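Notes follow once the structure below has been shown.
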Amino acid sequence: MTDGNLDIASVTRGAFGTLVDDSVEMDETFGKVTMEGGDQPRVRYDLAKPTWSDGVPIDTADLMLAWAASSGYFRTPKEGSPDGNVDFGGVPTGLTKSAYIPEVDEGARAIEVPLVVPVVDWRTALDVAVPAHVVGQKALKIEDPIEAKEVVETAIEESDTAKLTKIAEAWKSTFTVAEDGKASEDALLSSGPYKISKISTGEAGQEVDLEANPEYAGEAKPTYEQVRLTPAGPDALNSLGEKVDVVQVAPTKGNRKQVRDLERRDYGVATANDGTMWALTLRTDRGVFKRKETRTAYLRAVPRGDISEGGAGDWAEAYEATDVVLFPPGGEGYQIATEDSGFSTKFRASEDAKAPPGARVCISYDKSSAFASGAYDTIANAVDDEGWSTADCGVSSADKLLSGNRWDAVLARIPIPQTPEEISAQWGTKGSRNATGGGDRERDRLISELARTADPYEARDVRVEIEKSLVRDSIVVPIVMNPTVTVIDKKVDSVRPRSGQVAPLVSTIVEWSPTKK
């Protein structure tokens, strides 16, 4: 899904739990999630009394359809059956570890999912994204919504491949929105505090009109009955207070004065991070950084405290410093990782930062990024004092950072990984985004252990151990979080942008209210 789709989903979909920073926020107005351990772990999803925006209750048919889409259970033929290859195209979750088809408790509006092994994301794994009654109506040509969802549930329980193939196709196709914004009313059904009332194309691109969902049973009732989401064009700040009331932008040299002037005129200004950080990662499989002692010496020479000012200039205060790569700043996990990883002790400035004779480091960075260019200059000037010779391996765009074989280190904006799969991709031995060129068996083992750790506190501790392994190997130095800046018109109150990759602005839109005069 695109960032825009995730933004809209955050206010139009109900959910059992939502990952915020490094913890899960549960919504018991939607339902409860519990897990039983033992030889056969079981996750139970119990619905409260949520309803789709057309008035049809969310029930076990919707849960079963969500399970079928996220588990991929019907993609592979099962033992004793030639049937299979039914692909919903859903985003895989820990429910891919389902042992068999869930058991349904109709009276309690609940399902129990048996697992082969525990999974770390069991509280958020079941994404009730689409209404089963609409899927059944479209796929199986059944007019009555209650009958349609019953047939969908039965097809899943009985592994009816013929019907499941049609159901999967409807799941993938019914809820798409054309580029011109055209979509059926069925495609716009909601289970969250808002529902989509209109999609259109404006001056800045595709606009989405939201209106309060009268069927929403959650506690977070929105104050604003109508909201319009529109892309932030180059003149968005000029439209503040006229065409738009809240604007979220990336901080740039070009908008610094304008934002400062608005703040001095009592417009609200808030900063958060977008879930990514600037970090310097070293290549370990060749060149100058094959030896850990050399990597440690170099990272001690990197002037983390000066890089933000060198890259951000007048916006430096918006860039929050960070000492870890697997946790966002501010949470309990971040504090524990900071204390336990040993990062600040290992990489503090010392005489050991001196370069070995003839050491030359070629840094890859995105020359089109003002921050990266300024940060590169700062690093190059500072490490020169310790005897390190720096060569420019800058590239024209971020997608070319890891191309070629000349570079020894890469200065890049990387995401804080939220799942074991994302950690593996970034820091696993065979990770698709692993910039080090190497790996560590113990770190790979810990990542696999994390994926099977159901207890949230134990999972946090395993993640801290992975963080410690990165420090131990001297392969990366986190620098600062990448910020967003939100500017709010005087007539809007309680706008509190949330840090992270998903819906950083609109996820808290139900809290917004008119300013009291």
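Observations on the structure shown:
- Residue ID - nearest to Pro329 (Cα to Cα), chosen from residues in region 244-290 that are of a type in the set (S, T, N, Q) and under 25 Å from the mean Cα position of the chain (by Cα): Asn273
- The set of residues from region 251-297 being out of contact with any strand residue (DSSP E or B) (no Cβ under 7 Å at 6 or more places or on another chain) and either in contact (Cβ under 8 Å) with a residue 60 or more places away in the chain or hydrophobic (A, V, I, L, M, F, W, C) (or both) comprises Thr252, Lys253, Asp266, Thr284, Asp285, Arg286, Gly287, Lys292, Thr294, Thr296, Ala297.
- So Gly404, is it in contact with a Lys or Arg (Cβ under 6 Å, 6 or more places away or on another chain) and open to solvent by 20 Å² or more (accessible area, probe 1.4 Å): no
- As for region 181-202, it holds at least one residue that is open to solvent by 20 Å² or more (accessible area, probe 1.4 Å) and more than 30 Å from Gln137 (Cα to Cα).
- Close Cβ contacts (under 6 Å, 6 or more residues apart or on different chains) running from residues in region 351-368 that are under 12 Å from Gly287 (Cβ atoms) and part of a loop (DSSP other than H, G, I, E, B) to residues that are at pLDDT 95 or above and open to solvent by 30 Å² or more (accessible area, probe 1.4 Å) comprise Ala359/Val288.
- Only residues that are touching a helix residue (DSSP H, G or I) at 6+ places or on another chain (Cβ under 9 Å), open to solvent by 30 Å² or more (accessible area, probe 1.4 Å) and farther than 22 Å from Gly387 by Cα were counted in region 249-293, giving 9.
- Of the listed requirements (1) more than 30 Å from Asn255 (Cβ to Cβ); (2) free of Cβ contacts under 8 Å to residues at least 60 places away in the same chain, Ala337 misses just one: (2).
- Residue in region 489-506 that is among the acidic types (Asp, Glu), out of contact with any Cys (no Cβ under 8 Å at 6 or more places or on another chain), in a strand (DSSP E or B) and surrounded by fewer than 19 Cβ atoms within 10 Å (Cβ to Cβ) present: yes
- Looking only at region 1-39, and only at residues there that are within 22 Å of Asn213 (Cα to Cα) and touching a helix residue (DSSP H, G or I) at 6+ places or on another chain (Cβ under 7 Å), the one that is modelled with the lowest pLDDT: Asp7
- Test: Leu115 is under 27 Å from the mean Cα position of the chain (by Cα), open to solvent by less than 60 Å² (accessible area, probe 1.4 Å) and closer than 20 Å to Lys149 by Cα: no
- Filtered residues of region 382-418 (kept if modelled with pLDDT of 95 or more, of a type in the set (Ser, Thr, Tyr) and under 29 Å from the mean Cα position of the chain (by Cα)): Ser396, Ser397
The values are calculated or read from the model by the stated rules, or taken from the named source; none is laboratory data. Computed from a predicted model, the values in this text were never measured in an experiment. Because the Cβ atoms are built from the backbone with ideal geometry, glycine has one as well, and the counts that use them run over all protein chains shown. Heavy atoms of the whole protein, side chains included, go into the accessibility calculation; ligands, DNA and RNA do not. Shrake-Rupley method; radii C 1.70, N 1.55, O 1.52, S 1.80 Å.
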